[in-house]
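The values are calculated or read from the model by the stated rules, or taken from the named source; none is laboratory data. Since we're looking at a predicted model, the values are computed, not measured. We place every Cβ from the backbone using ideal geometry, glycine too, and count neighbours over all the protein chains shown.
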Amino acid sequence: MISRRNFLSVSAATFGAALTLPPFRLNADESKPYQILAAKPGTAPLAGANAPPVKVWAYQGQVPGPVIRARRGEKIRVRLNNGLAQPTTIHWHGIRIDNAMDGVPGLTQDAVQPGKTFDYSFTVPDAGTYWYHPHHLSWEQVARGLYGLLIVEEETPPMVDRELPFVADDWRLNKAGQIDDASFGNLGDWSHGGRMGNWLTVNGLTDPEIPVRGGERIRLRMVNTANARVLAFDFAPLTAQVIALDGQPVSPWTLGAGGLRLAPGQRADIILDIPAEPGAILPIQEVSTRNPIKAATFKVAAGQPLRAISPNDPIVLAPNRLLAAPTLDSAQLIELLMEGGAMGGLRQGSIDGAMVSIEELVQKKLVWAFNGAVGMQKKPLATIPRGRTAVINMVNRTAFPHAMHLHGHHFRVVERNGKTVHGAPWRDTELANPDERVRIAFVADNPGKWLFHCHTLEHTAAGMVTWVEVV
Ligand code: C2O
Ligand code: CU
C-alpha cells in the first residue's frame, strides 16, 4: 500500500496525458455545430487481422461508433444522418433525457427515413457510462454494429491514469465470416433466448491486445451491447473494483470469483490495478458459458513500471445529485406479469383490447406478453403523476431471463422473491430470471412517454414492450 500522497505525486507526471480527451468532446456552447453520426453500411475488422473484413452497419464508419463525451450538465448535440436503406432513430440508453429526444419511433418521434436527418439535442443530468443505439428494428440494426459509448464526465473525475472503453458484443457470423443474414427474424430465436452470437468482440476487435504499464490504474467503461447474451467477465488475477453500474455510482466492491455479469444494455465502471510485472500477459475472460474465452488481453509494457506498487485504495464516485429516493409507502403499484415464449404455454394475447389466438400471434411473430397484451399497445401500462414513486412488480412466468429496461429513469430493486432488498444500486436495466418476482421502484420525475421493455432485442420485437406515461 502506498500513501495517497505518494500516489498523487507519482501520478502527476503522467496525468496530463491521462486527461487528454478524445476529439469528440462537446461543449455547452449552443453555437457549436452538431456532431454528425452518419449511419451507413461499411466494413469492420471484427474477426481479426487474418479474416476478411465484415460487412456491418456503422456510425461514422466505425464499430463501435464514436465515443460521445460531455460533462455533467452540458448539452449534447448530434445530427443523425440516415444512410441506411431502412428508417432508424437513436436512443440514448440510460440518460434521464428530455422525452422528445428519447428516440423511440411511434412514441417520441417519427422514425427517420433513409436519406433524412434528425437533430438530437439534450442535457445530460448524470455523470456516468451510457450508450446509444437505434430504437427502430433494433434487433437487426444493433446486431449489425450500430451502437457506441456515451460518456458523461464528473466535474472532478477520479484519479486514474487512463480510461479505456470495453464495449462487448457477440456477433453471429456464418461460415464465410460475415454476419449471418439468414438468421435475422428467426422465430426460434425470438421465442427462446434471442439471437445469440458465436463471435465475441471487445471494442469491435477479437481479443484485442491492450498495452498497459505496470502499476497503472485504469478505469474501464464496460457495456454489453449484445442483442441477447448475458455476458460475464472474469478479471482474475487482476484486482477489479466496481465503482458504478448503469452509470450510477455504487459503494465500491472488489469482484470475486465468477467475475461480473452484464445483461444486454447494462454497463459497469471498473477500476483495474495493473501489477508492476513488466511483460506480464493478463487475459480478461468471458465466463458466461462452460468454455471461457479470452475477451481481451492486457500486455504489461517491458521496462520501468509506472509505479512500483499499485494504488489499491478504493475510488468512491460522488453520487449524481438529482436522483430522488423512492417513497414506498405511498407508491403506485404497477403489476407486470411476463408470459409466453417457448415452453411458456401462451394460448392467446390481446392487442389494443382485441383477443388474438396463438396461431395468429405466431404469424405476426408476437409470442411474448405483458399482462396478457402482446407488443406495443395504444394505452400505457400505467399513468403516473409526476413526482410520485412507482413500484413495478415484475413476475417472470417464462422460461427465460429478461433484462428489463426503463427509459428516462433509474430505479432500484426493492424486493426480490418476496424479500425486501435494501440499498440496491440505481439501475436502468435489471435482469428478472425465470420464476423470479422482482419489484423495482423509481420516482416518476421525468414527464413523458417512457418505454419499458426487455433488452433482449428479439423479445422486444416479439412482444415484450410496454410504456408508462408520466404526467
Ligand atoms: Cu437500450 Cu429501449 O433501449
Ligand atoms: Cu426478454
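Val395 satisfies every condition listed in (1) aliphatic (A, V, I, L, M); (2) within 16 Å of ligand 2 (Cβ to nearest atom); (3) buried (at least 24 other Cβ atoms within 10 Å of the Cβ) except (3). Among the residues examined, Gly423 does not qualify as at positive phi, outside any strand (DSSP E or B) and buried (at least 17 other Cβ atoms within 10 Å of the Cβ).
Restricted to strands (runs of 3 or more DSSP E) entirely inside the range 221-289, no element has at least 1 residues that are out of contact with any helix residue (DSSP H, G or I) (no Cβ under 9 Å at 6 or more places or on another chain) and in the same structural domain as Asp428 (by TED's automatic domain parsing).
When Ala70, Ala143, Ala100, Ala127 are checked against the criterion of being surrounded by 21 or more Cβ atoms within 10 Å (Cβ to Cβ), more than 16 Å from the chain's Cα centre (by Cα), in contact (Cβ under 8 Å) with a residue 60 or more places away in the chain and outside the structural domain of Met376 (by TED's automatic domain parsing), Ala70 stands alone in meeting it.
Residues in the range 387-420 that are β-branched (Val, Ile, Thr) and either within 18 Å of the chain's Cα centre (by Cα) or under 14 Å from Phe442 (Cα atoms) (or both): Thr389, Val391, Ile392, Val413, Val414.
Please find, within the range 227-262, the residue that is farthest from Arg307 (Cα to Cα) out of those that are of a type in the set (A, V, I, L, M) and touching a Lys or Arg at 6+ places or on another chain (Cβ under 9 Å). My answer is Ala228. Filtered by the rule that a residue be touching a residue at least 60 places away in the same chain (Cβ under 8 Å), under 19 Å from Ala403 (Cα atoms) and charged (D, E, K, R), the range 335-375 gives a lone residue, Glu335. Output yes when any residue across the range 169-180 is within 16 Å of ligand 1 (Cβ to nearest atom), of a type outside the set (D, E, K, R) and part of a strand (DSSP E or B), and no when none is. No - not one qualifying residue is present in the range 169-180. Tell me, please, whether a residue that is part of a strand (DSSP E or B) and out of contact with any strand residue (DSSP E or B) (no Cβ under 8 Å at 6 or more places or on another chain) can be found in the range 378-391. No, the range 378-391 contains no residue that is part of a strand (DSSP E or B) and out of contact with any strand residue (DSSP E or B) (no Cβ under 8 Å at 6 or more places or on another chain).
Only a single item in (1) surrounded by 15 or more Cβ atoms within 10 Å (Cβ to Cβ); (2) in contact (Cβ under 8 Å) with a residue 60 or more places away in the chain; (3) at negative phi is not met by Arg386, and it is number (1). Tell me which of these Glu415 doesn't satisfy, since it passes every other one: (1) more than 16 Å from ligand 2 (Cβ to nearest atom); (2) buried (at least 19 other Cβ atoms within 10 Å of the Cβ). Tallying (1) more than 16 Å from ligand 2 (Cβ to nearest atom); (2) buried (at least 19 other Cβ atoms within 10 Å of the Cβ), Glu415 fails exactly one: (2). In this entry, Thr117 is excluded by the filter for residues that are β-branched (Val, Ile, Thr), surrounded by fewer than 20 Cβ atoms within 10 Å (Cβ to Cβ) and touching a Pro at 6+ places or on another chain (Cβ under 7 Å).
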